Each structure stands twice: as structure tokens, then as C-alpha cells.
Amino acid sequence: KTVIQHIYDTHFESVDRVIAFREEWRALEGLIDDHCFHLVDERLGMQIVDASDFRDVVNTYFHRMSGIGDAKGRNIYP
């Protein structure tokens, strides 16, 4: 795997991980204090947005600098 592909892969995987964390967290609803549950759920939602933004910024930067697209065909903003 190339260095650029590693960069793309890890940043896409990071967003997937946060989404999975939130799904796991939501499985605990009713087992945790409602206030705490909703507070953490809201923050995980914010983390999904932040991770997506960071993924897009980093991947776009490296795509523009290298001119090399994602081998897996995922969307990288030009």
C-alpha cells in the first residue's frame, strides 16, 4: 500500500469508527442515566461531524498536493 493510500484509508476508517462507537453507545440506552446518555450521544454526533470534516480536509489536501486519487474510488473533493 502506498503512503497516500494509507492516509486516505485511515481517515475514512476514522469516520467509520466514530459511527460504530455511536451505534454501540446507543445500544446502552436505558441502562445509563438519561442525562448522561443523551449528553454523550450528542457529543458523539458532534464527533462524527468533526471527523468527517477532518477527513475531507486532510484527504483533499493530500489529493491536491499529489494528484493521486483514492484507489478505492471514494469521494475526495478536488
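Computed from the coordinates by the stated procedures, all read-outs in this text should not be read as laboratory data. This structure is a prediction, so every number in the text was calculated from the model and none was measured. As a convention, Cβ positions derive from the backbone with ideal geometry for all residues, glycine included, and neighbour counts pool all protein chains shown.
For helix 34-66, what angle does its Cα long axis make with the longest principal axis of the chain, in degrees from 0 to 90 and rounded to 10?
So the helix axis and the longest Cα principal axis differ by about 0 degrees.
Can you find, among Thr2, Val57, Leu39, the residue farthest towards the positive end of the dipole of the chain? Put +1 on the C-beta of Lys and Arg, -1 on that of Asp and Glu.
In the chain, that residue is Thr2.
Given the -39500 (n - 2.57) contribution per DSSP H run of 4+ residues, what per-residue ellipticity at 222 nm results for the chain, rounded to the nearest 500 deg cm²/dmol?
Taken over the chain, the calculation gives -26500 deg cm²/dmol.
Taking Cα atoms, how many degrees apart are the long axis of helix 3-26 and the longest axis of the chain, rounded to 10 and kept between 0 and 90?
So the inclination is approximately 10 degrees.
Would you compute, for the Cα atoms of segment 3-65, the largest minus smallest coordinate along each principal axis and list the three values in descending order, in whole Å?
47, 15, 9
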